[in-house]
Amino acid sequence: MTHCQLAMRNLGFECQALTETLSHILSPFTYVDDGQVVGAFIQSLDNNRFLVTDDASALFNMENRGINITRARFQQMQHTLKRQGIQLTDRAEIIAYATEENLAQSVQNVIRGGIIATTMGIDWYKPMPKDKFEQKIIHSLRKADLPYQIQLKQKIEGLSGHEITVPITLIGANDSKIMFTADVKAEGSWLEAYTILGKLADITQYQNGLGLDQKIVVANSDNIQDKLSQLTLLFNNTAQVYPSHLMDKWLPRLQLAA
């Protein structure tokens with residue numbers, strides 16, 4: 001079985017064999033908002049093992065966008081990725097070693113690592129715009145009379161030491177949830193989605209206290225319904241994705257959840 005056949009199990013990525021021992025993977029995702037596709041290389045090693053690497057593409061992308069990667073910032077990225085089970089080497093490569101059984105998952109991890117690393121640099125070069133979509137979601141939650149206390153802009157310290165703002169926290173008698181909103185554009189920037197992924201990866205205080213069903217990303221899906229599978233894959237094993245056009249389906253579940 002080829003690299004591509006092994007790595008593409010359950011993944012919708014493109015794969016090209018470069019040599020008998022080297023293949024190149026292209027994901028459906030891009031680094032932040034510059035359009036460069038996130039990819040990875042698979043190299044065969046001895047004893048039926050593989051090296052998956054981004055060939056330092058993520059950090060080169062950051063430098064090309066004018067981000068100054070200081071030693072302290074590099075170490076922050078290393079610690080955050082390590083928390084996710086992903087290795088950032090001193091040569092600036094995001095890597096994973098794999099067997100046939102976990103090659104597909106290792107490819108996903110390296111690609112997620114590239115996205116997480118580059119989104120950590122967002123605060124290092126420009127501020128985020130105010131989110132109007134977020135205000136619409138807050139308004140809808142308040143109108144729904146949920147069995148939760150709604151807290152806004154709660155501060156959480158992440159692994160990197162950064163103070164992360166959680167837009168919406170739902171606090172119930174027996175259950176709590178954190179909620180982010182992503183105003184994703186069909187043909188434009190997925191910056192907000194990538195930023196949220198980085199923030200969720202950086203949050204450590206709630207890592208053991210919140211399960212997957214308690215971390216929610218509400219996506220503005222009005223114009224991206226054909227790309228929802230890509231968005232869901234982006235947050236795989238990190239958070240649940242609630243599409244805004246299906247609010248009439250998931251909002252009643254929240255009303256019964258607490």
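The values are calculated or read from the model by the stated rules, or taken from the named source; none is laboratory data. The shown structure was predicted, so the numbers you read here are calculated from the model rather than taken from an experiment. Glycine gets a Cβ as well: all are built from the backbone with ideal geometry, and neighbour counts include every protein chain shown.
Worth pointing out:
- Counted residues, the stretch 1-20 - those being surrounded by fewer than 16 Cβ atoms within 10 Å (Cβ to Cβ), more than 21 Å from the chain's Cα centre (by Cα) and either aliphatic (A, V, I, L, M) or modelled with pLDDT under 85 (or both): 5
- Remark: ALA96 falls outside the filter, which requires a residue to be in contact (Cβ under 8 Å) with a residue 12 or more places away in the chain, exposed (fewer than 13 other Cβ atoms within 10 Å of the Cβ) and of a type outside the set (S, T, N, Q).
- Condition check for GLN87: free of Cβ contacts under 8 Å to residues at least 40 places away in the same chain and closer than 27 Å to HIS245 by Cβ: no
- SER23 vs. criteria surrounded by 17 or more Cβ atoms within 10 Å (Cβ to Cβ), out of contact with any Gly (no Cβ under 8 Å at 6 or more places or on another chain) and assigned to a strand (DSSP E or B): yes
- Among the residues listed as THR89, THR53, THR99, THR70, the single one being touching an Asp or Glu at 6+ places or on another chain (Cβ under 6 Å) and on the phi < 0 side of the Ramachandran plot: THR53
- Selected residue (only one of ILE156, ILE164 is of a type in the set (A, V, I, L, M), surrounded by 12 or more Cβ atoms within 10 Å (Cβ to Cβ), assigned by the TED database to the domain that holds ASP202 and within 17 Å of the chain's Cα centre (by Cα)): ILE164
- Close pairs (6 angstrom Cβ cut-off, 6 or more residues apart or separate chains): over 13 Å from ILE168 (Cβ atoms) in the stretch 144-156, assigned to a loop (DSSP other than H, G, I, E, B) and of a type outside the set (Phe, Trp, Tyr) anywhere: PRO147/GLY172; PRO147/ALA258
- The helices (runs of 4 or more DSSP H) found wholly in the stretch 38-150 and carrying at least 3 residues that are of a type in the set (Gly, Ala, Ser) and not assigned by the TED database to the domain that holds PRO252 occupy 103-120.
- Subset of the stretch 134-152 [under 20 Å from the mean Cα position of the chain (by Cα) and over 16 Å from VAL218 (Cβ atoms)]: none
- Residue within the stretch 124-137 that is among the aliphatic types (A, V, I, L, M) and either modelled with pLDDT of 85 or more or in contact with a strand residue (DSSP E or B) (Cβ under 9 Å, 6 or more places away or on another chain) (or both) present: yes
- Within the stretch 175-230, the set of residues being at pLDDT 80 or above, surrounded by fewer than 17 Cβ atoms within 10 Å (Cβ to Cβ) and farther than 15 Å from THR30 by Cβ comprises ASP175, LEU228, SER229.
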